[in-house]
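The structure under discussion appears below in the form of structure tokens.
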Amino acid sequence: MTGNLCIFSSSDDLGVMVVRNLLIKLLRHRYPRTRLILAAEAAVMERVADFHRRLSWIDDFAQLDTERPQTAQQEASLKRQLAAWDFEMIVFGPECKFPYRIAQDCGIPRRVGFSADARQRGFLTHLAPLRDAQDRDLHWSAVIAAYAEALGMRDFESVAGQIPFLRLPQGGGDPFAQAPGPRVAVHVGGNAEWNRRWPLEKFARLCLRLALHWQASIVLLGGKGEAFENQSIISQVRDQRPSAAIRDLSGCPVDATADCIARADLFVGNDSGPMNMAVAVGTPIVALRGADAENFRPDLVDRQHVVFSGWRNCSRYLNGSNTCDLGCPVAYDRSKQEYPKCMERISFQSVWKAVEERLETAAYPLRSS
């Protein structure tokens, strides 16, 4: 195939974009002479395009007015936008709200995807065979494998065999300070709309121990809105260890974040976009997660990663709903510093033990007393 291939993007969530990038890498390998076009709504296009220009194999972008037209006029406009690209294939994500019928009406001959709606599936030419698709904890690696099967990629065996699946920048400065110990990337944040964070106080203790016991070079990652948390940790660490090699990289471009994680000996953080970046570049992970389904557990991709998850003890998991019976905070409130009970119960000592074990196997057997 040598024409235009469309990958439909429904989300600008960092973790989702990282996962989608693996599919894009597979498509680039499968169709080396095809132009890969990423289509997205105007509302998310800026963030989507920035990520893929920096870290992906996308050739161009198609901005659409809407993913789900509500009127005949919107549908007609969407058809014109798609037809203008003369796509030979379109690939829909499993949660895409785009009406597959429109792709058929536009004459796109190959239509790849999945839908829980049997009528929607009828408009696909290549159906991703998602087994247990309704499983609340269906892991994204199974989704990728299903799409690879639908696309006839017989050489795809596992996600681990495709790492790295971010197109990392060449050159650039080293974000880690000179220190005799290991390089550790830490992410204490996450989507503020859903509180999936390990307590900030425990992260501060962990960074202090890394500085004291391992003389580590520590980089704190995150978005612009997470600078406050990172600076709080730096202040606490330097109160006890003024010479600590610790810096804040919050708000940096997404490719700089990926490059930092790739250079690290270890990533420690919450279930988040940066954690998925660590999976994508192969950096060992100690992940803290809970209060959410286990679709993104990194240890299911590679056993080198360690995951502490409170999900099976979470009230939402136990009652099978999206409502917590224990009254845990749904959103992260910086002023209150309250966390879900399933995250608070993940002990500091168990996490610290896992961090030490990972560092000891990463060619850092010696440490200061």
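At 222 nm, what helix-only mean residue ellipticity would the chain give, in deg cm²/dmol to the nearest 500, using -39500 (n - 2.57) for each DSSP H run of four or more?
Roughly -11000 deg cm²/dmol at 222 nm, from the helical runs in the chain.
Using the structure shown, list the pairs from Lys25/Lys336; Lys25/Lys202; Lys25/Lys79; Lys25/Lys341; Lys224/Lys336 with a Cα-Cα distance above 31 Å, or answer none. Before the final figure, lay out each step's value.
Working: Lys25/Lys336 42 Å; Lys25/Lys202 37 Å; Lys25/Lys79 27 Å; Lys25/Lys341 38 Å; Lys224/Lys336 20 Å.
Table pairs above 31 Å Cα-Cα are Lys25/Lys336; Lys25/Lys202; Lys25/Lys341.
Any idea what angle helix 348-360 forms with the longest principal axis of the chain, computed on alpha-carbon atoms, 0 to 90 degrees, nearest 10?
80
Residues of the stretch 50-70 with backbone nitrogen within less than 14 Å of a virtual label 7 Å along the Cα-to-Cβ line of Lys97, please, listed as ranges.
Taking a point 7 Å out along Cα→Cβ of Lys97, the residues of the stretch 50-70 whose backbone N falls under 14 Å are 65-70.
How charged is the neighbourhood of Thr323? Take every other residue with its Cβ under 15 Å from the Cβ of Thr323, and add Lys/Arg as +1 and Asp/Glu as -1.
Net charge around Thr323: +1.
Got a sec? Which residues in the stretch 173-216 would a label at Leu326 touch, if it sits 7 Å along Cα→Cβ and we count backbone N under 19 Å?
Those under the cut-off are 194-203.
Between the stretch 57-74 and the stretch 191-235, what is the separation of their alpha carbon centroids in Å?
With the stretch 57-74 and the stretch 191-235 each reduced to a Cα centre, they are spaced 38 Å.
Can you give the angle from 0 to 90° between the axis of helix 200-214 and the longest principal axis of the chain, with both taken from C-alpha atoms, to the nearest 10?
Helix 200-214 and the main axis of the chain meet at about 60 degrees.
What angle do you read, to the nearest 10 degrees and between 0 and 90, between the alpha-carbon axis of helix 14-30 and the longest principal axis of the chain?
50
How would you rank 108-115, 298-305, 87-94, highest first, on the average number of other Cβ atoms within 10 Å across their residues?
Per-residue Cβ counts within 10 Å, averaged per peptide and sorted highest first, yield 87-94, 108-115, 298-305.
Compute the distance in nm between two label points, each set 7 Å from the Cα along the Cα-to-Cβ direction, one at Gln337 and one at Ala177.
With each label placed 7 Å out from Cα toward Cβ, I get 2.3 nm.
Keeping the other protein chains in place, figure out the carbon and sulfur percent of the accessible area of the stretch 290-369, with a 1.4 Å probe. Before the final figure, lay out the partial values.
Details: 2120 of 4410 Å².
That share works out to 48 percent.
Please calculate how many Å² of accessible area the stretch 29-146 carries per residue, with a 1.4 Å probe and no DNA, RNA or ligand atoms counted.
Value for the stretch 29-146: 52 Å² per residue.
Ordering Thr71, Thr66, Thr34, Thr361 by how much accessible area each has at a 1.4 Å probe, largest first, what is the list?
Highest to lowest solvent-accessible surface, that is Thr361, Thr71, Thr66, Thr34.
May I ask for the equivalent-ellipsoid semi-axes of the chain, computed as the square root of five times each C-alpha gyration tensor eigenvalue and listed largest first in whole Å?
39, 22, 19
How much area per residue is accessible in the stretch 260-330 when the probe is 1.4 Å and only protein heavy atoms are counted (Å²)?
Accessible area per residue, the stretch 260-330: 33 Å².
Could you tally the net charge around Leu5, taking each other residue with its Cβ under 10 Å from the Cβ of Leu5, Lys/Arg +1 and Asp/Glu -1?
Within the 10 Å Cβ shell, the charges total +2.
Below 9 angstrom from the Cβ of Phe176, what's the summed charge of the other residues (Lys, Arg +1; Asp, Glu -1)?
+2
The values are calculated or read from the model by the stated rules, or taken from the named source; none is laboratory data. Because the structure is predicted, anything quoted here is derived from the model rather than measured. For neighbour counting, all protein chains shown are included, and Cβ atoms are generated from backbone atoms with ideal geometry for every residue, glycine included. Quick note on the areas: whole protein, heavy atoms, side chains included, nothing else; ligands and nucleic acids left out. Shrake-Rupley method; radii C 1.70, N 1.55, O 1.52, S 1.80 Å.
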